[in-house]
Amino acid sequence: MRLKYEDVRALLASWGVSIVPREAARVRGFELDVYRGLARLTEDVDYDCNFKDGCCRARGPGDKNCCSECACTFGYWRKEPGALDEATVRTMAESYDPRWGFRRENTGCLLPRELRSPICLYILCSDAKLSGGDRYLLDKIHYGLSWT
Ligand code: SF4
Ligand code: SF4
């Protein structure tokens with residue numbers, strides 16, 4: 001089941017998440033375009049995820065993985081105040097499902113990197129395959145503008 005934009009906006013409001021003007025939106029201090037540029041770079045990061053039969057095995061059995069709270073956190077954007085503008089939420093609403101969030105069985109996350117939240121991008125279970133540059137990039141996304 002997919003929700004309309006108005007329903008998603010009401011859901012976000014019920015969580016205390018406001019939709020802000022695009023020019024005011026910041027993700028961990030970064031302007032949207034800057035953040036999205038960083039997020040796109042994570043496409044080349046090897047997160048060393050541990051999948052078997054289509055399920056993540058790194059954080060316990062069954063559904064317990066870093067995406068298991070996707071629906072109730074709106075892809076963890078719920079934890080990023082002042083980061084969502086209307087156009088972004090309209091785009092994201094097209095693939096948000098109240099039960100599954102943005103993840104789908106067998107295909108994984110529906111969102112392109114640039115629309116994923118910082119938590120989606122910097123969480124990992126193993127840093128075995130990170131280069132120094134990858135680590136720097138993920139730290140930058142994690143700690144935000146004030147860290148750089
Ligand atoms: S980062 Fe997430 S998907 Fe990857 S192995 Fe860890 S819990 Fe699983
Ligand atoms: S990576 Fe995608 S599926 Fe996983 S929590 Fe983030 S938005 Fe949801």
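Summary of computed values
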| item | result |
| --- | --- |
| Residues (among the charged types (D, E, K, R) and within 14 Å of the chain's Cα centre (by Cα)) located in region 83-107 | Arg103 |
| Leading residue by the ranking (farthest from Gly133 (Cα to Cα)) among those in region 15-25 that are touching a residue at least 60 places away in the same chain (Cβ under 8 Å) and not small (Gly, Ala, Ser) | Trp15 |
| Residue within region 103-113 that is more than 8 Å from ligand 2 (Cβ to nearest atom), polar (S, T, N, Q), farther than 22 Å from Gly29 by Cα and in contact with a Phe, Trp or Tyr (Cβ under 9 Å, 6 or more places away or on another chain) present | no |
| Residue match in region 126-140 (condition: at pLDDT below 95 and of a type in the set (S, T, N, Q)) | yes |
| Single residue of region 118-148 satisfying the filter (touching a residue at least 60 places away in the same chain (Cβ under 8 Å) and of a type in the set (Ser, Thr, Tyr)) that is nearest to ligand 2 (Cβ to nearest atom) | Ser126 |
| In region 109-148, the residues that are closer than 18 Å to Tyr96 by Cβ and of a type in the set (Val, Ile, Thr) | Ile119 |
| Failed item, numbered, when Leu84 is tested on (1) within 15 Å of ligand 1 (Cβ to nearest atom); (2) surrounded by 14 or more Cβ atoms within 10 Å (Cβ to Cβ); (3) assigned to a loop (DSSP other than H, G, I, E, B); (4) not polar (S, T, N, Q) | (1) |
| Single condition Ser146 does not satisfy, out of (1) more than 17 Å from the chain's Cα centre (by Cα); (2) surrounded by 12 or more Cβ atoms within 10 Å (Cβ to Cβ) | (2) |
| Region 87-109: number of residues that are surrounded by fewer than 18 Cβ atoms within 10 Å (Cβ to Cβ) and within 16 Å of ligand 1 (Cβ to nearest atom) | 7 |
| Subset of region 77-113 (residues that are among the polar types (S, T, N, Q) and without any contact (Cβ under 8 Å) to a residue 24 or more places away in the chain) | Thr107 |
| Output for region 1-34, where each listed residue is within 27 Å of Gly108 (Cβ to Cβ), surrounded by 12 or more Cβ atoms within 10 Å (Cβ to Cβ) and either among the charged types (D, E, K, R) or touching a Gly at 6+ places or on another chain (Cβ under 9 Å) (or both) | Asp7, Arg9, Ala25, Val27, Arg28, Phe30 |
| Residue list for region 92-115, filter: assigned to a helix (DSSP H, G or I) and at pLDDT below 95 | none |
| Test: residue in region 116-131 that is more than 15 Å from ligand 1 (Cβ to nearest atom) and either of a type in the set (Asp, Glu) or part of a helix (DSSP H, G or I) (or both) | no |
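The values are calculated or read from the model by the stated rules, or taken from the named source; none is laboratory data. All figures in this text were calculated on a predicted structure; none of them were measured in a lab. Cβ coordinates were reconstructed from backbone atoms using ideal geometry, including for glycine residues, and neighbour counts include every protein chain displayed.
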